[in-house]
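Nothing in this text is a laboratory measurement; each read-out follows from the coordinates by a stated rule. These numbers were taken from a predicted model, which means no experiment stands behind them. Don't worry about glycine lacking a Cβ; one is built from the backbone with ideal geometry, like all the others, and counts go over all protein chains shown.
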Amino acid sequence: MEVNYENGLNLKATELRLGLPGTDEPERQTTLRPNKRTLSEISCSGVTDDGNDDHQESAPPAKAQVVGWPPIRSYRKNCLQAKKNEVEGTAGRYVKVSVDGAAYLRKIDLKAYRSYPELLEALEKMFKLTIGAYSETEGYCGSEYAPTYEDKDGDWMLVGDVLWEMFISSCKRLRIMKGSETRGMGCL
Amino acid sequence: MGSSELKRSKDSVSSDESARRSSFPDEVLERVLSLLKPHRDRSSVSLVCKDWYNAERWSRTHVFIGNCYSVSPEIVARRFPRIRSVTLKGKPRFSDFNLVPENWGADIHSWLVVFAAKYPFLEELRLKRMAISDESLEFLAISFPNFKALSLLSCDGFSTNGLAAIATHCKNLTELDIQENGVYDKGGSWLSCFPESFTSLEVLNFANLTSDINFDALEKLVGRCKSMRVLKLNRSVSLEQLQRLLVNAPRLAELGTGSFSQELTIREYEELESTLSNCKIMHTLSGLWDAKGIYLPTLYPACSNLTFLNLSYAALQSVELAKLLAHCPRLKRLWVLDTVEDKGLEAVGLNCPLLEELRVFPADPFDDEIVHGVTEAGFLAVSFGCPRLHYVLYFCRQMTNAAVATIVQNCPDFTHFRLCIMNPGQPDYLTNEPMDEAFGAVVKTCTKLQRLSVSGLLTDLTFEYIGRYAKNLETLSVAFAGRSDWGMQCVLGGCPKLRKLEIRDCPFGNAALLSGLEKYESMRSLWMSACNVTMNGCRLLAREMPRLNVEVMKEDGSDDTQAYKVYVYRSIAGPRRDAPPSVLTL
């Protein structure tokens, strides 16, 4: 992440963007001082959205830059933004996915899926591998791959054990383990 | 003529009046008028004759000032000697959306100074869109020994230090209501400033504040204020803490919970459920920040008498809302986020036949990628199930003329119709036509309409309809609409009861502005921003109408001949002297 200092200001850190969370951006601070606009307000008040280096940014800038539109009180906007930041911090809609042996990581949006089968199918397509079916007692059989995730506590868990909603809210990153390491997870 | 008659005729303005006076003593008239509450009725009464004017002014205890610059505190104090309660509104409404420059004005302090001298027994102050500093709050706290109720809505300029001053000094405080303000939250210690001996609080609303409060102090405060009937907590208060507070306050009529999402044990869940089931007289419920669906059932027993449910900070899904509403048969007012989607609104239509007010706020107002939210289908569903609906605020991303026509057929009693199609200038998404017929249907069918906000692609036809049919309309908000001056002229030429007109980003120019010359004196105010009005047009208006204040807000870098933001209002106090440099009074 390049840091562009100009007049002592770290412009990259304070770059005003409408980009979706989970990208390599510094955490947004919402300061709730009176009469001071939060980032969401400023970014909607005429500052041109430069640098679309974030590939998720696809909303046309013009609309979102209209000051004071839609007509929602600053207080409510601040609350929504604060909530969004929190949700982004812990829920991690966008999580990194690593596959043992792959050269680079990928990123997926967990919210784009509604169930484990959907997620696993997407992962299989993305990495061109087979994960197989989940079994409570045996884990993922019939495959040398096992999908795991790091939860809020920092532990590595097998994907599929908990309710989907709980998984979404606690998953921080995914790792598709391969080969000998997977043997400890159920199938022999 | 005997000497007594001579005296009387000298005292009175005319012999007619002296006859009236002798048959109807002032004290009786004052007594009768003191029972009259609505300020508009009081205004009417004061115009009957001089006697009535005097009786009214002596008996008035509450004064409502809709525009703080329309009158001066000295004038108010001179006319009404016995005021104990004041309601003041300051900045134009569009300041809520950051359209008004900082330091614009509406500072309460000069009012407080006059009140301290003329109304030392002031008890209540309710402010909306005023600037109020910590110094002013402290001045208020120490100047009025009988002070009872402070309500701040959409104000700014103060911090929690000011609240600490109120808590410290106002020994008789019954109400502290801090709502949706720009508060500088320096921490929760202000709550600890209520003395141990203080027990009079009935209304406490600090939902606005973000930082952690001293829960111990709060618990003790709620415990000793036995008359507390309204308690609205902020997000930092957890479920477990809520339960502890409610144990001491089962008689709450209005509850705003804190965060509704802490991890609870089974025992804690049951305790919460049990405590909430004791809150039988609760009629208003709000808060529910981050509400987790699994905890909502704890609320069900407390909902049987609910008339107002504010879920606008709880991102509920449709199923969660439906299950909750099944327990709220008496609901009259409902505020939700559009996360509930059309399915959630269907549940509203099915479960809430007594519903009178619905507000649907957008959870993601700035994200165009969102495919959900609510549509015309949800609004239709509510209109079929809730014939008593008369107040709606609806943010959506699509609407049709046909849907609105059906909606107002189902609910002809609308008094407040505020529809916000979030994409500016968006047509009927099915026919691609302007939304003129939709608002035409609204004004033709809803004869009681007092407030209207329009949106979507609109031609001058919408305004022809409004001018012709909206005979009771008092407030009109317009954005990104209209084709020519004719539109605004229609409104100013029709709408006999128009009081507030706010317009932004419309192609209305000087001809439109100047067509309302006489009208503006019967209105509270006019706001026009990003329209085609020029400085010359504004100067002409100011010259022709000396009893109007014509203020132009300058934007950096804008063309000097254009009047980018114009605010016009009637005033008996003359041009204001506290305008910042960016505001020009013509």
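With 19 Å as the limit on Cα-Cα distance, the pairs of B:Lys497/B:Lys554; B:Lys128/B:Lys500; A:Lys96/A:Lys152; B:Lys128/B:Lys471; A:Lys83/B:Lys220 that go past it are B:Lys497/B:Lys554; B:Lys128/B:Lys471; A:Lys83/B:Lys220. The calculated FRET efficiency for the pair A:Glu165 and B:Asn410, based on their C-beta separation and a Förster distance of 35 Å, comes to about 0.45.
Among the helices of chain B, those built from whole DSSP H runs whose Cα atoms reach 15 Å or more along their own axis and whose mean Kyte-Doolittle hydropathy is at least -0.5 are B:341-351. The residue list B:Leu461, B:Asn208, B:Leu316 was ranked by how far each Cα lies along the charge dipole of the protein assembly as shown toward its positive end, using unit charges on Cβ atoms, and B:Leu461 comes out on top. Along the positive direction of the dipole of the protein assembly as shown (beta-carbon charges: Lys, Arg +1; Asp, Glu -1; about the Cα centre), which of B:Pro120, B:Ala131, B:Leu354 reaches farthest? Of the listed residues, the answer is B:Pro120.
Once the piece of chain linking B:Arg547 and B:His372 is laid out straight, how much longer is it, given 0.36 nm per residue of separation minus the C-alpha distance between them? Intermediate results must be reported in sequence, preceding the final value.
Working: separation 175, 0.36 × 175 = 63.00 nm, distance 4.93 nm.
Length gained, B:Arg547 through B:His372: 58.1 nm.
In percent, rounded to a whole number, the relative contact order of chain B is 6, using alpha-carbon pairs under 8 Å and six or more apart. Ordering B:Val222, A:Val67, B:Val374 by the number of other Cβ atoms within 10 Å of each residue's own Cβ, fewest first, gives A:Val67, B:Val222, B:Val374. Looking at chain B, the DSSP beta bridges with both ends there are about 15 percent antiparallel. Candidates B:Ile572, B:Pro434, B:Ala377 compared by Cα position along the dipole of chain B: farthest toward the positive end lies B:Ile572, with charges placed on Cβ.
Look at A:Met126, B:Met399 and count the other Cβ atoms within 10 Å of each Cβ; fewest to most, that gives A:Met126, B:Met399.
The order of A:Asp161, B:Asp460, going from fewest to most other C-beta atoms within 10 Å of their C-beta, is A:Asp161, B:Asp460. Dividing the mean sequence gap of close Cα pairs (under 8 Å, 6+ apart) by how many residues segment B:291-443 holds gives a relative contact order of 18 percent. Here the extension length gained between B:Leu35 and B:Ser304 equals 93.4 nm, from 0.36 nm per residue of separation less the Cα-Cα distance.
Dividing the summed -39500 (n - 2.57) terms of all DSSP H runs of n ≥ 4 by the residue count of the protein assembly as shown sets its mean residue ellipticity at 222 nm at -9000 deg cm²/dmol.
For segment B:187-277, the relative contact order comes to 27 percent (Cα pairs under 8 Å, sequence separation of at least 6). Treating r as the C-beta distance of B:Asp578 and B:Asn146 and R0 as 30 Å, the FRET efficiency rounds to 0.55.
Partner shielding of B:93-100 amounts to 5, given as the average count of beta-carbon atoms from other chains within 10 Å of each residue beta-carbon.
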